[in-house]
1. Has the stretch 87-105 got at least one residue that is of a type in the set (Phe, Trp, Tyr) and at pLDDT below 95?
2. In the stretch 4-110, which helices (runs of 4 or more DSSP H) lie fully inside it and hold 2 or more residues that are under 20 Å from the mean Cα position of the chain (by Cα)?
3. Filter the stretch 111-129 down to the residues that are out of contact with any Lys or Arg (no Cβ under 7 Å at 6 or more places or on another chain) and in a loop (DSSP other than H, G, I, E, B) and list them by number.
4. Checking Glu105 against (1) in contact with a helix residue (DSSP H, G or I) (Cβ under 8 Å, 6 or more places away or on another chain); (2) closer than 21 Å to Arg180 by Cβ, which single condition isn't satisfied?
5. Mind listing just one residue for me: the one in the stretch 127-141 that is out of contact with any strand residue (DSSP E or B) (no Cβ under 6 Å at 6 or more places or on another chain) and surrounded by 10 or more Cβ atoms within 10 Å (Cβ to Cβ) and, of those, nearest to Ser109 (Cα to Cα)?
Amino acid sequence: MGKLLQILGSNIRRLRKRLNLTQEELASRVKRHPTYISGIERGVRNITINVLEDISNALEVEPTEIIQVERSQLEKDLNCSKHDIIKAIEAGFRAQVDVKGKLAELFLSRYLNDLEHDDVIESYTWHDEDKLPDFSIKYKGSDFTLECKNVRSGEEMKKEDGYRVEVQKTRNSKDGSNSRSYGIGEFDLLAACLFNQINEWIYLFAASIKLARKRGDDTLLATMQPVSIKPGSTWRSSLEEAIRDIHDET
């Protein structure tokens, strides 16, 4: 209990200083004596649920932020709470799109981890660098690259036979060339995350050599790709099936 009280007190002190409040000012807000607040912050005074609620209201945070045992590295780096981070994301459409993209990669990494554990693939690496694929995979001694994209949201992107996924890079090339389009062979496999349409982190996989080409330039992949859910289409329910499609084509 002593250690938990110290953590709670340290959190209250940090949050109080973030608002530039003195102990006396915080005490006034929660209608307690300053020595009581001092004792809480030093971890030598117990705290009731009512006091916890009063202090969290005074500090403009959720009670869970006061009692959390350990802050994430991101919270430390940004010097704010996870609740602040979530509020910032909720306030920005572009931020939510970016987060969904990274979540799609996160849940795909867990899928790959399960495949590795079950010896379906030998290993995988999750990249987060420009000019590198989202994932590198080793399967039966061969190396494959895998890109992960979310299918587009909205009813206009939902078709009877499936959905649509936008396949292009997030940045243009520094030399001004048409670099947002993927060239044939820039990656081997594409994972289309269906979350935007079905609210679940489920994927369909396709070999890139079977994807549609850009009209007028068959050296590039089409920006908008149909994602068919019909059996026997380009899209597979498992990564291993999509890898076998590569071998069949070559």
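The values are calculated or read from the model by the stated rules, or taken from the named source; none is laboratory data. The model shown is predicted, which means the values in this text are computed figures rather than measured ones. Methodologically, a virtual Cβ is constructed for each residue, glycine included, from the backbone with ideal geometry; neighbour enumeration extends over all protein chains shown.
1. Going through the stretch 87-105, the residues of a type in the set (Phe, Trp, Tyr) turn out to be 93.
Right, trim to at pLDDT below 95 and you get 93.
Within the stretch 87-105, one or more residues are of a type in the set (Phe, Trp, Tyr) and at pLDDT below 95.
2. On the way: elements: 23-30, 34-41, 49-58, 63-67, 73-78, 82-90.
By residue number, 73-78, 82-90.
3. Going residue by residue through the stretch 111-129, those that are out of contact with any Lys or Arg (no Cβ under 7 Å at 6 or more places or on another chain) are 111-120, 124-129.
Selection gives Asp118, Asp119, Val120, His127, Asp128, Glu129.
4. Of (1) in contact with a helix residue (DSSP H, G or I) (Cβ under 8 Å, 6 or more places away or on another chain); (2) closer than 21 Å to Arg180 by Cβ, only one is false for Glu105: (1).
5. Filtering the stretch 127-141 for residues out of contact with any strand residue (DSSP E or B) (no Cβ under 6 Å at 6 or more places or on another chain) gives 127-132, 139-141.
Add one more test, that the residue is surrounded by 10 or more Cβ atoms within 10 Å (Cβ to Cβ), and what stays is 127, 132, 139-140.
Values: His127: 10, Leu132: 16, Tyr139: 15, Lys140: 19 Å.
Within the stretch 127-141, the match that is nearest to Ser109 (Cα to Cα) is His127.
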